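To start, the structure under review is shown below, and the notes come after it.
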Amino acid sequence: MNKGDHMTKLDKFDFPTDLSYVLDNCQDVIVPTSRTELLAMALGNPEATSFEVSYEVDGKPITEANIVRCKNGVVVNFPEDYMRRRDPDCLVVADDGPTDKPQYEELYGENFSSLRQATLDWLTKQELIVTPFMAGGRAHGYEAVLVAPRNAAFFACGLAGLQYFIDIDDYEGKFSPKAVIYLAPPFRHTHFAGKQVVVHNRLPEIYEIFTYNLYPGPSAKKGVYGFLLNVGEREGWVTAHASAVNVITPYENEIVIMHEGASGGGKSEMGESIHREPDGKIVIGQNLETREKFYLQIDEPCELRPIADDMALCHPKIQNESKRLVITDAEDGWFLRVDNIRQYGTEPFHEKIYTQPSEPLVFLNIQGVPGATCLVWEHTLDSNGKPCPNPRVILPRAMVPNIVNEPVEVDVRSFGVRTPPCTADRPSYGILGMLHFIPPALAWLWRLVAPRGDHSPSIIDTEGMVSEGVGSYWPFATGKRVTHANLLLDQILNSPATRYALIPNQHIGAYSVDFMPQWIMREYLARRGSAKFKPEHLIPARSPLLGYCLESLKIDGQYVRKAFLRPETQAEVTLEGYDKGAKILSDFFKKEVVKFDVPELNPLGKKIIDCCLQDASLEDYIDLIPMKY
């Protein structure tokens with residue numbers, strides 16, 4: 001198809017002036033009509049088995065990505081370790097609208113307009129791909145486009161797998177983008193010293209995202225997320241940073257769990273089957289000092305019907321009178337991290353999809369041999385010789401069995417926390433038990449602070465406890481913290497029938513537990529269904545910030561050891577170690593919540609923050625917003 005044919009397709013768009021200028025003057029333009037077409041372009045031509053994505057910088061070619069064609073898809077690897085995961089500080093705001101984020105002019109000492117024009121001029125010298133999609137999904141999404149150089153077709157293919165791709169030939173009426181992503185990789189070297197930078201420019205007529213790197217996490221995924229959050233700021237709703245799953249017991253009880261959390265908080269894992277030993281047993285945890293393992297046997301696990309993996313649209317048009325939060329998936333595909341699949345048979349359900357997909361997939365940071373099958377447990381090695389902690393697969397929702405497509409009511413909103421080991425000798429915030437129930441006021445506080453936790457595999461900065469910020473989606477937002485704090489509090493107040501839980505992963509005190517707490521919690525809560533907890537079932541946690549813990553937990557006739565429910569009972573932790581860890585947690589919360597104590601904050605939010613700063617009791621939080629359990 002020649003340029004003239006594609007220009008005819010462009011007649012179906014209503015572009016802003018600057019984008020029209022770029023497309024009128026570029027070397028060539030392609031408007032793909034399918035993801036299959038983009039896959040064929042990813043390696044330059046359909047016959048190629050490997051391809052280098054490179055650009056000229058100061059007269060020298062620089063390779064940004066290497067691509068190979070495997071039997072089950074295309075495999076993308078980045079030469080630099082740094083480009084294999086998201087830089088948490090990559091978002092920059094170019095406009096002068098309300099924001100708490102770094103602004104381009106403050107960081108670089110000049111207005112963004114000159115670089116913006118240079119970027120548009122560079123694009124006019126390229127062969128371009130224009131990929132239309134709906135940000136936020138088909139039913140309630142917003143028209144948007146990606147403009148990318150042709151040799152970055154893998155990037156466009158990845159975006160088409162993540163977002164709801166539009167075949168412009170089938171689109172009725174004019175396609176009028178509300179957002180546009182401009183991809184220009186060489187500027188990472190010429191203007192930003194090799195760093196990942198994604199510039200958000202919130203113009204009155206259109207939301208622009210200038211992405212200056214080829215790792216799709218900060219742009220094709222989180223950049224689109226930033227646009228949706230901006231729409232929500234203006235319209236009064238939120239896109240939650242969450243996965244969700246419909247859990248059905250062997251006795252056909254059903255429950256919907258929405259799991260939120262910062263990077264590494266277990267969102268994708270909430271939709272995974274329980275990992276088992278070869279004999280079928282489940283290792284609840286292993287004592288780090290004695291190396292003793294503790295087991296659980298669940299012969300008939302619950303059926304899982306996935307709903308969302310990372311972004312849950314809480315659009316006002318889908319809310320109802322149930323007094324529960326109603327959500328639907330904001331994506332059309334999932335950016336799944338597979339670092340926990342280290343060998344064959346770890347997660348058979350997903351391994352089968354990845355190895356023998358119904359259509360080719362896009363793999364990142366995984367070893368690939370041309371013509372062979374890409375195996376997701378063979379992770380690319382970083383320069384230190386260790387496997388990259390952020391191997392990814394882009395999995396279209398249509399390929400996930402038993403997927404739920406309609407809006408659902410949320411029964412339980414859980415929040416995941418990646419916790420380090422805690423002992424009396426080395427106290428830390430790893431004092432969470434396997435399952436905590438928390439009142440709505442505390443649920444709001446946890447979403448304000450959103451601890452990133454220990455050794456997150458998805459991003460560059462992973463050491464120690466760091467706040468990912470409001471809603472755990474703050475790294476992707478462009479507005480004001482207080483705006484989102486108020487929106488989240490309104491959301492909680494409007495959903496009084498939804499319950500709240502807190503779940504650790506990786507460690508409980510002196511035990512290594514991986515993501516087992518949330519898998520066991522999922523089975524336990526589904527079996528209980530809507531049954532209310534009696535007072536003797538719940539006891540106040542020793543730290544008020546942790547709400548209630550369980551006195552006992554019985555599943556399929558087996559009790560889980562109290563050491564996993566109340567870490568202070570562990571001999572390695574003791575009350576002294578727990579209390580030191582509780583102080584670490586409390587001090588961290590106090591440091592973070594004061595950022596939200598501004599005049600624009602909802603007065604009820606002000607009272608909740610005061611409770612935190614004054615070391616209030618659990619009952620004080622419940623008095624502010626009643627807890628129904």
Dipole size in debye (nearest 20) for the chain around its Cα centre, Lys and Arg Cβ +1, Asp and Glu Cβ -1? 1040 debye
Once amide H atoms are built 1.01 Å from N in the peptide plane, which residues 5 or more positions from I555, or in another chain, come under 5 Å H to H? V560
More than 37 angstrom separation, counting every C-alpha pair in the chain; what % is that? 34 percent
At 1.4 Å probe size, with the rest of the protein present, what percent of the exposed accessible area of the stretch 471-531 is carbon and sulfur atoms? 46 percent
Could you work out how far the C-alpha centroid of the stretch 74-131 sits from that of the stretch 526-563, in angstrom? 47 Å
Go through L546, G577, I625 and say which Cα lies farthest out towards the positive end of the charge dipole of the stretch 539-626; charges sit on Cβ, +1 for Lys and Arg, -1 for Asp and Glu. G577
At 1.4 Å probe size, with every protein chain present, just tell me what the per residue accessible area of the chain comes to in Å². 37 Å²
Checking the table K9/K221; K60/K195; K480/K606; K267/K591; K532/K554; K534/K590 against a 22 Å threshold on Cα-Cα, which pairs fail? K9/K221; K267/K591; K534/K590
Under the rule a/c < 1.5 gives rounded, and otherwise a/b versus b/c splits prolate from oblate, where does the stretch 70-208 land using the Cα gyration tensor? oblate
When a/c is below 1.5 the answer is rounded, else prolate if a/b is larger than b/c, else oblate, so apply that to the stretch 513-568 with a ≥ b ≥ c taken from the square roots of the Cα gyration tensor eigenvalues. oblate
Note down the magnitude of the dipole of the stretch 1-74 about its Cα centre, charges +1 on Lys and Arg C-beta and -1 on Asp and Glu C-beta and zero elsewhere, to the nearest 20 debye. 400 debye
Percentage of interatomic Cα-Cα distances in the stretch 90-159 larger than 17 Å: 62 percent
Restricting to Cα atoms and excluding each atom paired with itself, what does the Kirkwood estimate give for the stretch 181-270 in Å? 15.7 Å
For the stretch 352-429, what is the relative contact order in percent, using Cα pairs closer than 8 Å and at least 6 residues apart in sequence? 24 percent
³J(HN,Hα) across the stretch 373-382 via Karplus (A = 6.51, B = -1.76, C = 1.60, θ = phi - 60°), whole Hz, x for Gly/Pro? 8, 6, 9, 5, 8, 9, 6, 4, 8, 6
Peptides 516-526, 379-389: what's the order by average Cβ count within 10 Å, highest mean first? 516-526, 379-389
For the stretch 536-629, with only Lys/Arg (+1) and Asp/Glu (-1) charged at the beta-carbon, what is the dipole magnitude about the Cα centre, in debye rounded to 20? 200 debye
By average C-beta atoms within 10 angstrom, highest first, the peptides 176-185, 91-100, 346-355: 176-185, 91-100, 346-355
On the principal axes of its Cα set, how long, how wide and how thick is the stretch 188-347? Give whole Å, largest value first. 58, 49, 27
Just flag the chymotrypsin sites (Phe, Trp or Tyr not before Pro) in the stretch 226-320 sitting in loop per DSSP whose Cβ has no more than 12 other Cβ atoms within 10 Å. Y251
For the stretch 2-69, what class follows from the C-alpha gyration tensor (a ≥ b ≥ c being the square roots of its eigenvalues): rounded when a/c is under 1.5, otherwise prolate if a/b is larger than b/c, else oblate? oblate
Antiparallel content of DSSP bridges confined to the chain, in %, to 5: 70 percent
Expressed as a percent, the portion of alpha-carbon pairs in the stretch 39-149 spaced more than 21 Å apart is 62 percent
Of G368, T483, M258, which is farthest along the charge dipole of the chain in the positive direction, counting Lys and Arg as +1 and Asp and Glu as -1 at C-beta? M258
Would you compute, from DSSP H runs of 4+ residues alone, the mean residue ellipticity of the chain at 222 nm, taking -39500 (n - 2.57) per run and dividing by the full residue count, rounded to the nearest 500? -7000 deg cm²/dmol
Excluding V57 itself, what net charge comes from residues whose Cβ is under 11 Å from its Cβ, given Lys and Arg +1 and Asp and Glu -1? -1
For Cα pairs less than 8 Å apart in space and 6+ apart in sequence, what is the mean separation divided by the residue count of the chain, i.e. the relative contact order in percent? 15 percent
Of the listed peptides 258-268, 570-580, 240-250, what is their order by residue-averaged count of other C-beta atoms within 10 Å, with the highest listed first? 258-268, 240-250, 570-580
Projected area averaged over all directions for the convex hull of the alpha carbon atoms of the stretch 277-346, nm², comes out at 8.4 nm²
Dipole of the stretch 184-233, positive direction: furthest Cα of P204, G232, Y215, with charges on the beta-carbon: Y215
Isolated Cys in the chain, by beta carbon distance under 4.7 Å: C26, C90, C157, C302, C314, C388, C422, C549, C611, C612
Working from the pairwise distances between different alpha carbons, so that the mean of 1/r is found and then inverted, what is the stretch 134-244's Kirkwood radius in Å? 14.7 Å
So what is the relative contact order for the stretch 278-426, in percent, with contacts set as C-alpha pairs under 8 Å and at least six apart? 25 percent
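The values are calculated or read from the model by the stated rules, or taken from the named source; none is laboratory data. Nothing here was measured: the structure is a model prediction, and the numbers come from that model. Glycine also receives a Cβ, built like all others from the backbone with ideal geometry; neighbour counts cover every protein chain displayed. Heads up: the accessible areas ignore ligands, DNA and RNA and are worked out on the full protein's heavy atoms, side chains in. Shrake-Rupley method; radii C 1.70, N 1.55, O 1.52, S 1.80 Å.
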